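Visitor: Pasting a structure below so you can have a look.
The values are calculated or read from the model by the stated rules, or taken from the named source; none is laboratory data. From a predicted model like this one, the values you see are computed outputs, not experimental measurements. Cβ atoms come from the backbone with ideal geometry, glycine included; neighbour counts cover every protein chain shown. For accessibility, only protein heavy atoms count, side chains too; no ligands or nucleic acids. Shrake-Rupley method; radii C 1.70, N 1.55, O 1.52, S 1.80 Å.
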Amino acid sequence: MNIKRILVIADQSRIRNLALPRAVKLAAATGAALDLVGFCYDPQLADAPAGGSGAPARARRALLAATHARLDEMLADTDLQQVKVTHRTVWCKWLHEWVVERHADYDLIVKTAHRSATMFYTSTDWHLLRTSPVPLMLVGSRTWEKRAPILATLDLQSRHARQRQLNEQVLELAGAVARALDCPLDVVYALPVSPVLRELEVVEPAGEVRKFHRQRRDLLHDLATRFDLAPKQIHIRAGAPENVIPAVARRRNAQLVVMGMIGRRGLKGILIGNTAEKVLQRLPADVLAVRPA
């Protein structure tokens, strides 16, 4: 996958500026251009005409100008490493809808992840994770380290064509980032094991993993050959994904986890988090989420 143009969603706070430096580092490694966009909106000014002369119109223009000034400050405080950057402000209520409408213009989106002790992501983050056709990187305050691995999460047992295609997308993107940053690529698969059978000792997790290796020897060999992976870089662990993937990410000190997102649609998808979202809540690293093409 070629990353040619990256959308950087500007941080709302002047204190935090995490997304832009991360995007600059990635752009410097890939040769991509950056488009830094600052979003602003005030419901009380929603109906103010953009070119009007009244107080609401002037207030709207002042808010846009303040946002643009903040972008100028971000750029001035960031080592751009000769990366080509454009920047603009957008009046927009629903950021994720703007992204969906313009997704063809970008190959990657970079945004700061907003976490707290009581809530993992803001509603904007969740909307983007569920709807963005463009791969979405949510970054935290952790500094990327040289040679720390990129971890790709796969489903190696699914027979659904959509999931297999998503595996390919995840591997292609994770491999591209790993090559660009000169980092090793690891892959992880959480092998499903019934917790009830496990508790009753009807199945033994290590034995299930050994059986999987025997049954899927050709698949694992093909994976290792295509992506030049040593056996220690392929992690098959029995257990729930929300336990296995964060555990492997911590043990390998992964700086970025690339994972596929196939979520529920409609109201059910809003109310009930899918497996990927459970994994996200426990990951210590940056996340690069990919939806099926």
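Visitor: For the chain, take the longest principal axis of its alpha carbons; what is the angle in degrees between that and the long axis of helix 19-30, to the nearest 10 within 0 to 90?
Guide: On a 0 to 90 degree scale, this one is about 60.
Visitor: With label points built 7 Å along Cα→Cβ from the Cα atoms of Asn243 and His68, find their separation and express it in nm.
Guide: Going by the 7 Å Cα→Cβ label model, 5.5 nm.
Visitor: Using Cα pairs closer than 8 Å and at least 6 residues apart in sequence, work out the relative contact order for segment 77-169, in percent.
Guide: On the way: 55 pairs, mean separation 22.6, N = 93.
Value for segment 77-169: 24 percent.
Visitor: Simple spin-label model, 7 Å along Cα-to-Cβ: Arg58 to Met1 in nm?
Guide: Modelled inter-label distance: 4.8 nm.
Visitor: Among Pro184, Thr275, Ile236, which residue has its Cα furthest toward the positive end of the charge dipole of the chain, with +1 on Lys/Arg Cβ and -1 on Asp/Glu Cβ?
Guide: Ile236
Visitor: Follow-up. Just to be sure I understand: with springs between alpha-carbon atoms less than 10 Å apart, which residue in Val193, Val134, Val83 has the highest mean-square fluctuation in the Gaussian network model of the chain?
Guide: Residue with maximal mean-square fluctuation among Val193, Val134, Val83: Val193.
Visitor: Kindly state, to the nearest 0.05, the FRET efficiency for Arg164 paired with Asp228, given R0 = 25 Å and r defined as their beta-carbon distance. Don't skip to the answer; put the middle values down first.
Guide: On the way: r = 21 Å, r/R0 = 0.84.
For R0 = 25 Å, the calculated efficiency reads 0.75.
Visitor: Another question, if that's okay. For Ala206 and Lys278, what does the FRET efficiency come to when R0 = 30 Å and r is the distance between their Cβ atoms, rounded to the nearest 0.05?
Guide: On the way: r = 24 Å, r/R0 = 0.80.
The pair Ala206/Lys278 has a calculated efficiency of 0.80.
Visitor: Between segment 1-52 and segment 226-256, how many Å separate their Cα centres?
Guide: The distance from the Cα centre of segment 1-52 to that of segment 226-256 comes to 31 Å.
Visitor: Before anything else, pin down the relative contact order of the chain: Cα pairs under 8 Å, at least 6 apart, normalised by residue count, whole percent.
Guide: In percent, rounded to a whole number, it is 19.
Visitor: Could you work out the relative contact order of segment 1-133? I mean the mean sequence separation of Cα pairs under 8 Å and 6+ apart, divided by the number of residues, in percent. Could you put the intermediate results ahead of the total?
Guide: Values: 192 pairs, mean separation 44.2, N = 133.
Here the relative contact order equals 33 percent.
Visitor: Please give the helix 205-215 orientation as an angle from the longest Cα principal axis of the chain, in degrees from 0 to 90, rounded to the nearest 10.
Guide: Here the helix axis deviates by roughly 90 degrees.
Visitor: Continuing with this model, one more query. For a quick check of understanding: with a 1.4 angstrom probe and all protein chains in place, what accessible area in square angstrom does Glu145 have, to the nearest ten?
Guide: 80
Visitor: Here's another thing I want to ask about it. When the dipole is taken about the Cα centre of the chain, and only Lys, Arg (+1) and Asp, Glu (-1) are charged at their Cβ, what size is it in debye, to the nearest 20? All intermediate terms of the calculation are to be shown ahead of the outcome.
Guide: Working: 42 positive and 29 negative charges, 63 e Å.
Computed charge dipole of the chain: roughly 300 debye.
Visitor: Could I ask something else about it? Which one, Pro246, Ile150, Ala19, projects farthest toward the positive side of the charge dipole computed for the chain from Cβ point charges (K/R +1, D/E -1)?
Guide: Checked the options; the winner is Pro246.
Visitor: Where does the charge balance sit around Leu223 when Lys and Arg score +1, Asp and Glu -1, over other residues with C-beta under 14 Å from its C-beta? Write down the numbers at each step before the final one.
Guide: Values: positive: Arg164, Arg216, Arg217, Arg226, Lys232; negative: Asp155, Glu168, Glu172, Asp186, Asp218, Asp222, Asp228.
Here the count lands on -2.
Visitor: Given the pairs Lys4/Lys278; Lys25/Lys93; Lys84/Lys111; Lys25/Lys84; Lys211/Lys232; Lys25/Lys278, which span a C-alpha to C-alpha distance of over 22 angstrom in this model?
Guide: Values: Lys4/Lys278 31 Å; Lys25/Lys93 29 Å; Lys84/Lys111 18 Å; Lys25/Lys84 12 Å; Lys211/Lys232 18 Å; Lys25/Lys278 29 Å.
Among Lys4/Lys278; Lys25/Lys93; Lys84/Lys111; Lys25/Lys84; Lys211/Lys232; Lys25/Lys278, the Cα-Cα distance tops 22 Å for Lys4/Lys278; Lys25/Lys93; Lys25/Lys278.
Visitor: Still on this model: Using the heavy atoms of the protein chains alone and a 1.4 angstrom probe, what is the accessible area of segment 7-88 per residue in square angstrom? Intermediate values should be presented prior to the final figure.
Guide: Numbers: 4200 Å² over 82 residues.
Averaged over the residues of segment 7-88, the accessible area is 51 Å².
Visitor: Taking all protein chains in place and a 1.4 Å probe, what share, in percent, of the accessible surface of the chain do carbon and sulfur account for?
Guide: Working: 7720 of 15140 Å².
Ligands and nucleic acids excluded, carbon and sulfur give 51 percent.
Visitor: Just to confirm the number: angle between the C-alpha axis of helix 161-181 and the first principal axis of the chain, 0 to 90 degrees, nearest 10?
Guide: 70
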